[in-house]
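Just so you know, all these numbers are worked out from the coordinates, no wet-lab data involved. Everything numeric here is computed off the predicted structure, so don't read it as measured data. So basically every Cβ, Gly included, is an ideal-geometry build from the backbone, and we count neighbours across all protein chains shown.
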Amino acid sequence: MTDLVIARKSVALTGLSRGLGRIRHLPWTLVLGSVLLTIYLLVAITGPLWAPYPYDRVGTGKPFAAPNPKNLLGTDQMGRDLFSRVVHGASHELFMALTSTAIAVILGGFLGLLSGFIGGWLDVLIMRLFEILISIPVLVFALLVIMAVGLEASGNELLLIGVVALVYLPRTGRMARSVAIDLVTRDYVMVARARGESAWSIVWRELLPNATGVLLVEFGVRAGYAPILIGSLGFLGLGVRPPTPEWGLMISENRANLVAAPYTVLAPALALSGLVISLNMFTDGLARVLGRQVKRV
Amino acid sequence: MQPNGPLIEIRNLTVEYWQGDRWNPVIEGLHLHINPAETLGLVGESGCGKSTTANALMGYRPRGARYRSGQVLFAGQDLLRLSNRALQHIRGRQISLVPQNPTTALSPGIHVGDQIVETLMVHRYSATVREARERALDLLVRVGLPNPPIIYKRYPHQLSGGQQQRVIIAMALACDPQLIVLDEPTTGLDVTTQAQILDLLMDLQASYGLAMLYVTHNLGVVAQICTRIGVMYAGQLVEVAPRQTIFKQPLHPYTQGLIASVPRITAPKQVRSLLLKGLLKRSDLPPGCPFAPRCDFARERCLVEKQHLTEVGESHAVACWRWQEIPSFAQRIAETQSAVFQKCETVGCKAGEILLKVDNLCAAYTFDHPRPFARPLPRLIVDGVSFEIQPGETFALVGESGSGKSTIARALNGFIPYVTGELRFDGKYDLTIPVDKRTRDLLRELQLVFQNPDASLNPRQRISQIIGRPLQVFFGLSGAALRRRVEALLEDVRLDRSYYDRYPDELSGGERQRVAIARALAAEPKLMLCDEVLSALDVSVQANIIELLADLQAKRNIAYLFISHDLAVVRSLAHRVGVLYWGCLCEVGTTEEVFTPPFHPYTYLLLSAVPEADPDQVMPEARKDIGLVVSEEKPACPFALRCPWKDPMHCNDEPPPWQTLSRTHMLRCHIPIEELRQHDIWADRFGRV
């Protein structure tokens, strides 16, 4: 039937009114998720410019002050402004989550597609290796990696990004491989093989364009969990070092004061869960739109 | 009309589907009735609204659809206004459905017998479960399933497609309905299985006096089993008539074109100028007759004035105001008979020139391991097949599904792990080497086209990339030269240049198949392997692609290995035919030789199962056929298990000899030629009317 006409043509179309008209047909999760994500991104980029205080300025108010016009979200035990710290933290959080996930999805996606297409012993080797990595509990695995690199490096943001990427890589790799082993049975892949194309060319031209939908969704889901993982590491003291305004670290530092001054924990916790929820809503909506497209094909 | 009036009547039905931003009519102002004990056939091409009509008869509203106007009157009630609860008492009880795909219609985890019992109990047709079981067993006998107690306890996956469809029919019959709606019930089945199901339906109709609505795109099937036929186009009924009338004197130009498009096994000629031109574009239909943009006889008035069915003869109605002015079908055919398309008859003369020589080909996907550490035995799908193809000729392989046709094509392409035998291509290439080890020239000269263009075109590539890629790989073209060549190829397959930047899902099925053909042509091959290239297409599109393939062959001298299960298509396209059964060839010859007696028993069986779009022909009942049998032990003659004329003395044990009838015609059978000559399928088909 011809009742499935929207998506790709619509991408090519321009014009604001048409764009607005189309938003009505998008899943609400995608719309809300993108709006929230945009806010987070704006805060991350412009935040340092307009935040009321530097993140490490002590004594901006009395310690453990409740929210008041001067300190919008109150202060912590050293009198640092929590609002400013949360705003400054956004860029750390987003940068680490997005880069680590991107590395994992690109590398994992490539390895997975190649492994699924070539098959045989290479497939067995890569997949068993991935499975071994997946079988280790996430936090234990992250701790092992940090230990192996050396505790003295544990505050490094690049190391954290590497750890998260390494945790996610085998998982996205398996996902990409499962897509590839379905795609390689398609006739167009057979035609490409009968044309004498190289494995690289088939993965690049024939498989990747059809796997991008799945990989994008995978990226979104993983990026939504990355702040939690980074936060957990921060909480355990293996993340970034104080006084960096990383949200997980802030929760950890202030947990002893949870009853006395709940704002100190609530502010970073709400910011973190808001980010996770908006990333999840965005991917949920994206998956639906892409699913619609895939069904059409 | 009948004294008691029709059994069910559709009045002025308009159905619309939600298409993203607005309601689009799929059926407009449809009037239709079915009389008691009548089989009404509803035919038309895909997307014409046949299945939507069938749904409406069940009072079923699919997701995203709405009934804007109209009534479906059954026993004094309007089914479209009934509550779901009220409909439950009618569906399955008084009106039942046989869907297209039996595999998905049966629940996989329940014994098939219990599924019939469930129907009986839900409708309280049987008072007790014991009674229902007895009736279920009885029904299984009546739909011709052997050994009902065993079938009763089977799960759906343990039955063949034909058996599954019989179970569905038993379920539909369970509560003695007054009407059965059959929605393409034989479309996924082999011809031989289809023939059995049609036999069964005709028997049931004769013995129960059921009314049936038979929805299909296959004109041959309706010609065999329907009493009255309705032709649909773009959601409207354009012609309704008794079957003799519709096939002999169709009045609507669309009906004429549709009937002329159907390939015949008896008359291999196609009437070219009668073929339907263009495509149904639902997005821009004129306010008047929907067929007007494609019609040869259209006038201004056609485009603006709605056409309604008007009685023109005894129970013959047509929706065309010019029906009296349009030349009759017989006249149009007679005028254009000379313009049939020509198969190049030069083939066969150039003796000695051989493009592809296949000698004793054996192929297998998997291996059996009889004992640990013993040498693994290949499980042969193709078992000793030999044939030759000359340059520029079309060699067709026919057989049922599972006979190994596609495996041969894959073996030639080097995709099969186990291949033995001598495969020589173009004198210098050995085709037993796998695809990764072949030279670029060999890859270029051997191209393949698949059945389903949805799967063979990458949905994320533009048409220009799809057709352009082989040009880059084989000829190193790029830039403007590449673009020119792609556009020339688009023209060769009669597609507009504007398709250059499109994606496959913006094209219709027939257009996509043209793109697939263009991609193969781009490599300038000497041999094209066409694996069921026409099976997924509508008849009018099929006819156009057949014509295209014939033209390309004449121009470029390409040889085709044409794999098909459709004997009518094969007869109209192929120069020579090989008949394949269970991995072995049983008859090879020129098309004329294979299609005239003497026949190999399997060829006879295949030909007897084809429903021809001609109500004067019948499908001989000579076969008590059981369908493709694959047992553990393959008898010496693979066909012995099914052969109607087999001699138990030696058919099971001695391999049959090749009997040579002419330089080109050989068949492999124990039965003497003189005896085979007595079974003339054409006499049998026309004989008992």
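Points worth noting:
- Test item: Cα-centred dipole of chain B, Lys/Arg +1 and Asp/Glu -1 on Cβ, debye: 1600
- Of all DSSP beta bridges in chain B, antiparallel share, percent nearest 5: 60
- Residue among A:ALA142, A:LEU236, A:GLY74 farthest towards the positive dipole end of the stretch A:53-274, charges placed on Cβ: A:GLY74
- When peptides A:114-121, B:223-230, B:400-407 are sorted by average Cβ neighbour count within 10 Å, with the highest value leading, the order is B:223-230, B:400-407, A:114-121.
- Förster-model FRET efficiency, 51 Å R0, B:GLN88 and B:SER401, C-beta, rounded to 0.05: 0.85
- Take each residue in B:447-460, count the other chain C-beta atoms within 10 Å of its C-beta, and the mean is 5.
- Cα centroid separation - the stretch B:420-490 against the stretch A:181-245, whole Å: 30
- Cα-based shape type of the stretch B:1-116, given that a ≥ b ≥ c are square roots of the gyration tensor eigenvalues and the cut on a/c is 1.5: oblate
- Considering only the protein assembly as shown, percent of DSSP beta bridges that pair antiparallel, nearest 5: 60
- For the pair the stretch B:550-592 / the stretch B:502-543, the C-alpha centres are spaced 17 Å from each other.
- Relative contact order (%) - chain B, alpha-carbon pairs under 8 angstrom, separation at least six: 12
- Take each residue in B:411-418, count the other chain C-beta atoms within 10 Å of its C-beta, and the mean is 1.
- Gyration tensor (alpha-carbon) shape descriptor, chain B, a/c threshold 1.5: oblate
- Kyte-Doolittle mean at least 1.0, axial Cα span of 15 Å or more - DSSP H helices of chain A: A:28-50, A:82-118, A:120-135, A:138-149, A:157-183, A:208-235
- Electrostatic dipole magnitude of the stretch B:103-176 [Cβ: Lys, Arg +1; Asp, Glu -1; Cα centre; debye, to 20]: 120
- Anisotropy class of chain A from Cα gyration tensor, a/c 1.5 cut: oblate
- Dividing the summed helix terms, -39500 (n - 2.57) for each DSSP H run of n ≥ 4, by the number of residues in chain A produces a 222 nm estimate of -24000 deg cm²/dmol to the nearest 500.
- Distance between the stretch B:1-58 and the stretch A:93-165 - C-alpha centres, whole angstrom: 58
- Modelled FRET efficiency - R0 51 Å, B:GLN678 with B:THR366, Cβ distances, 0.05 increments: 0.75
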